[in-house]
1. Return yes when Ile197 is of a type in the set (A, V, I, L, M) and more than 28 Å from Pro62 (Cα to Cα) and no when it is not.
2. Across the range 176-188, what is the total count of residues that are open to solvent by less than 90 Å² (accessible area, probe 1.4 Å) and not small (Gly, Ala, Ser)?
3. Between a residue in the range 164-190 that is charged (D, E, K, R) and any residue that is surrounded by 11 or more Cβ atoms within 10 Å (Cβ to Cβ), which pairs come within a Cβ distance under 7 Å, given they are 6 or more apart or on different chains?
4. Can you tell me which residue is farthest from the chain's Cα centre (by Cα) among those in the range 35-81 that are at pLDDT 80 or above and of a type in the set (Gly, Ala, Ser)?
5. Could we say that Asp242 is open to solvent by 10 Å² or more (accessible area, probe 1.4 Å) and farther than 22 Å from Asp119 by Cβ here?
6. Within the range 103-123, identify whether any single residue is open to solvent by 60 Å² or more (accessible area, probe 1.4 Å), part of a helix (DSSP H, G or I) and out of contact with any strand residue (DSSP E or B) (no Cβ under 9 Å at 6 or more places or on another chain), and answer yes or no.
7. Considering the range 162-185 alone, what residues qualify as being under 18 Å from Leu112 (Cβ atoms) and part of a loop (DSSP other than H, G, I, E, B)?
8. Consider the range 189-204. How many of its residues are open to solvent by 20 Å² or more (accessible area, probe 1.4 Å) and assigned to a loop (DSSP other than H, G, I, E, B)?
Amino acid sequence: MYILYYSPRGKRRSAPHNVRNAKRDSQKAKQEETQKKKGRGRRPLLSKPVDDVYLTWYYKRPSYNVEEAVGMLKKFQELDFTYPKQFVYINVTLDMELPKKKKVDQFASIVLLPYRFTDETNKVLVFTENEQEAEIARENGAAVVGGVELIKWILEDEIQMDFYIAVPAIIPKLIPLRNKLKRKYPSTRRNSLGHDIPKMLQFFREGLEYTVQDERLIKTRIARLDMPTEQIVANLKTIIEDICKFKPSSAGPFVKKLVIRSSTSEGLLLNLDGLLPEAEKVEEKEEEPAEDDDEEKPVQESIST
């Protein structure tokens with residue numbers, strides 16, 4: 001490669017050899033510096049740290065089975081003398097990508113856990129014009145019971161509930177509330193429309209609601225730290241199974257990452273073995289060989305713990 005310049009007489013000449021070398025050395029130095037910045041701290045070391053104090057980004061983040069992780073959270077609480085009945089939380093990272101650059105729609109759900117961990121209940125409104133059904137609803141803990149007279153108050157935000165359920169006979173009269181209530185509008189698909197008022201009330205009063213945030217992240221509490229480990233694990237598995245029901249058949253492994261923590265502890269990365277439904281685990285194993293070809297890439301941490 002020649003660098004050309006014009007002499008005072010207008011004749012084109014090659015740049016001196018030392019000028020060409022200087023420019024070449026400068027470009028080479030910039031390229032080397034760029035490569036150093038790109039490669040710095042990218043690949044975790046193969047060995048585990050030998051000391052208690054080390055730079056975490058040089059090592060692959062350790063993962064634990066769920067029973068071990070819960071035991072560690074309990075130990076953290078004892079060592080730190082923090083509140084023993086604090087809540088336990090999970091952060092679930094999902095793969096919402098679909099073929100042809102499409103994505104899974106963000107969703108929300110409510111699940112009834114096998115072990116309750118709080119005395120708090122959701123406020124539920126029951127739509128019915130049958131006095132006998134209204135009495136059953138009141139006896140089973142409904143916050144508000146009524147018919148079409150409630151529509152005006154709901155539209156004007158005078159009444160705001162966590163959930164709304166209804167009997168089939170009144171649903172045609174509730175059409176004005178469809179746009180107002182949106183996903184909380186009573187429907188059989190959401191188990192909020194039916195004849196079994198006590199069952200619906202138990203589900204929505206005691207159920208745990210969760211929603212997808214930031215396009216692919218679910219954050220929710222699942223238990224109290226003072227509960228037996230097997231109960232905490234059972235609640236966690238129930239939520240994961242419910243989340244996986246929203247996975248489209250055309251999607252790959254749905255749950256990509258799962259972190260558990262308590263109110264005062266750091267987040268612990270969980271090993272997904274034994275936590276995912278069988279279909280999810282099979283698909284995850286089919287994807288593993290593709291990861292071996294990409295060992296040089298850094299591990300992306302998308303959950304703040």
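The values are calculated or read from the model by the stated rules, or taken from the named source; none is laboratory data. Because the structure is a prediction, the values reported are computed rather than measured. Here Cβ is always computed from backbone atoms with ideal geometry, including for glycine, and neighbour counts include all displayed protein chains. To get the accessible areas, we keep the full protein, side chains included, count just its heavy atoms, and leave off ligands, DNA and RNA. Shrake-Rupley method; radii C 1.70, N 1.55, O 1.52, S 1.80 Å.
1. Here the answer is yes, as Ile197 does meet what is asked.
2. 7
3. Close Cβ pairs (under 7 Å, with a partner that is surrounded by 11 or more Cβ atoms within 10 Å (Cβ to Cβ)) amount to Lys173/Val148; Arg178/Tyr185; Lys180/Ile154; Lys180/Leu155; Arg183/Ala108; Lys184/Phe163; Lys184/Tyr164.
4. In this case the residue turns out to be Gly71.
5. Numbers: open to solvent by 10 Å² or more (accessible area, probe 1.4 Å): yes; farther than 22 Å from Asp119 by Cβ: yes.
Taking the combined requirement at face value, the residue satisfies it.
6. Within the range 103-123, the subset open to solvent by 60 Å² or more (accessible area, probe 1.4 Å) is 103, 105-106, 112, 114-116, 119-121, 123.
Okay, now just the ones that are also part of a helix (DSSP H, G or I), so none.
Looking for residues that are open to solvent by 60 Å² or more (accessible area, probe 1.4 Å), part of a helix (DSSP H, G or I) and out of contact with any strand residue (DSSP E or B) (no Cβ under 9 Å at 6 or more places or on another chain), one finds none in the range 103-123, hence no.
7. Asp162
8. Counting residues in the range 189-204 that are open to solvent by 20 Å² or more (accessible area, probe 1.4 Å) and assigned to a loop (DSSP other than H, G, I, E, B) gives 5.
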